[in-house]
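The values are calculated or read from the model by the stated rules, or taken from the named source; none is laboratory data. From a predicted model like this one, the values you see are computed outputs, not experimental measurements. Reconstructed Cβ throughout: ideal geometry from the backbone, glycine too, with neighbour counts over all protein chains shown. Note: accessible area is taken over every heavy atom of the protein model, side chains too, but ligands, DNA and RNA are not part of it. Shrake-Rupley method; radii C 1.70, N 1.55, O 1.52, S 1.80 Å.
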Amino acid sequence: MGSSARAAASRRKFLQFLAGSPLLAGAASRAFAGEGVSPGTKLPDPLAWAPMRTDELIASPKDAINVFDLEPVCRKNVPPAHFGYMASGIDDEATLRANREGFLKFQLRPRRLVDVSKADTSVDILGVRYASPIVLAPVGGQRSFHDEGEVASARAAKSGNHLQILSTATSIGIEEVTAARGAPIWYQLYATNKWEVAKAMVTRAEKAGALAVAVTVDRSSGRNQETFFRLRRADNRDCNSCHDRSSLQASMRTRAMYQGIDLSGLTNTQSSAMTWEFFKRLREITKMKILAKGILAWEDAVLAADAGLDGIIVSNHGARSEDAGRATIDALPEIVEAVHGRIPILVDSGFRRGSDVVKALCIGATAVCVGRPYIWGLGAFGQPGVERALELLRLETHDMMQQMGAPS
């Protein structure tokens, strides 16, 4: 075979390789099926020379290159209904996509000739120093992903000295989770329509040593979780052994934080009737710090600061509460402007990279809460998986700080 023939053969093999890439689609991939690139076809730049292969699952947490490597392992291990509940947005999932795409609208400005050899990622959050601005967001029912549930997450949080926020829908009581964390945590509150239920939970959380209560204010209506509903159809298990759906009260009695509480008259676990008066009433019964979780508008941020709240969590519930289509990173600048430094601001929803974290910090957030990434780790490998997810986010955040010339 002559040199020109060998070159043509090599070229065909190369084009066949490109045509098989899962990241190439449509006209571009079809163009490689023949002898060459069709006129007018534009190759992607950069080409994905080593794309992620979701059919080749990692076997160990240490094999994870980024947090996304943990997700398909979680998907394999976790029952379809449980995975779907975690992964689902609502309706068209426009907000779910926006939470990731929103970061592309913001670019970082690197500064040079700054000594970043000892970059300090530690941060003060409401008077407590943590090693990282990365916080474990409240995620309910973690035993749905691993038998050790919130305790495994707490131990992982302890290993990296992260703040942990425990969900009202936790599988495990706050006392046991706090013991596993080895330090006080925060408690996230679904207020319900019955004041006595909220009061009992807040009293229990404070007795367990919780430093703050983050009241979720964005669950005010029903939600069409299409991904969850479709994956639930594929789950062939008998779920009745774990879930008593005969009534709302029966369902809630299986949840750790609802046990021992009089649930008669409970008709709604969410907050459709909540007003700012609730926070005045809450302030009268607890010495814990109080935050509103789910603030997205300038006007509400001003009201929160005026009401004497101790902080705000900018959140769209990981796109699980509404499908307005707006990312939290897009809402963050107006919240920072509205608060004007009066109270600290945390933010969640869509954070997957250290660069995402640093962008939020640059805009004015005190800390960033992550949810799905550490749950991917939990479902994939238990506590070691959570530790790896948090480690990767810490490493990326530290490295990005150095790249930006930010020593702290």
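Overview of results
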read-out	value
Binned Cα-Cα distance frequencies in region 154-221 - 5 Å width, integer %	3, 18, 28, 24, 14, 8, 4, 1
Global geometry of region 312-405, whether rounded, prolate or oblate, following the gyration tensor of its Cα atoms and the 1.5 cut on a/c	oblate
Potential lengthening between Leu47 and Asp124 on full extension [0.36 nm per residue; Cα-Cα distance subtracted]	23.6 nm
Loop-located trypsin sites (Lys or Arg not before Pro) in region 253-302, at most 11 other Cβ atoms within 10 Å (DSSP)	Lys287
Sulfur and carbon atoms: percent of accessible area, the chain [1.4 Å]	51 percent
Cleavage-rule hits (trypsin sites (Lys or Arg not before Pro)) in region 78-114: DSSP loop, at most 15 neighbouring Cβ within 10 angstrom	Arg111, Arg112
Between 0 and 90°, nearest 10: helix 149-160 axis offset from the chain longest Cα axis	70 degrees
Histogram of C-alpha separations across the chain, 10 Å bin width, %	4, 20, 30, 24, 11, 6, 3, 1, 0
Max mean-square fluctuation residue, GNM over the chain, Cα-Cα springs under 10 Å, options Asp45, Asp115, Asp356	Asp45
Charge context of His82, other residues only, Cβ under 12 angstrom, K/R +1, D/E -1	+3
Residue-span extension gain [Asn236 to Ala183] - 0.36 nm each, minus C-alpha spacing	15.1 nm
Rg to Rh, two decimals, where region 183-262 supplies the alpha carbon set and Rh follows Kirkwood	1.03
Rg/Rg_ref, region 249-331, where Rg_ref = 2.2 N^0.38 Å and atoms are Cα	1.30
Whole-number percent relative contact order across region 326-400, with pairs defined as alpha carbons under 8 Å at least 6 apart	30 percent
Global form of region 85-236, assessed from the alpha-carbon gyration tensor, a/c cut-off 1.5	oblate
For region 212-253, the Rg and Dmax computed from alpha carbons only, in angstrom	14.2, 40
Low-density loop positions, trypsin sites (Lys or Arg not before Pro), region 114-155 - DSSP coil, at most 15 other Cβ in 10 Å	Lys118
Gaussian network model of the chain, Cα within-10 Å springs - most flexible of Gln164, Gln107, Gln383	Gln107
Region 323-363: C-alpha gyration tensor shape, a/c 1.5 cut-off, then a/b vs b/c	oblate
Acute angle (nearest 10 degrees) that the helix 328-339 long axis makes with the longest principal axis of the chain, alpha-carbon atoms	40 degrees
Rounded accessible area per residue of the chain, 1.4 Å, Å²	47 Å²
Distance between region 108-168 and region 334-393 - C-alpha centres, whole angstrom	8 Å
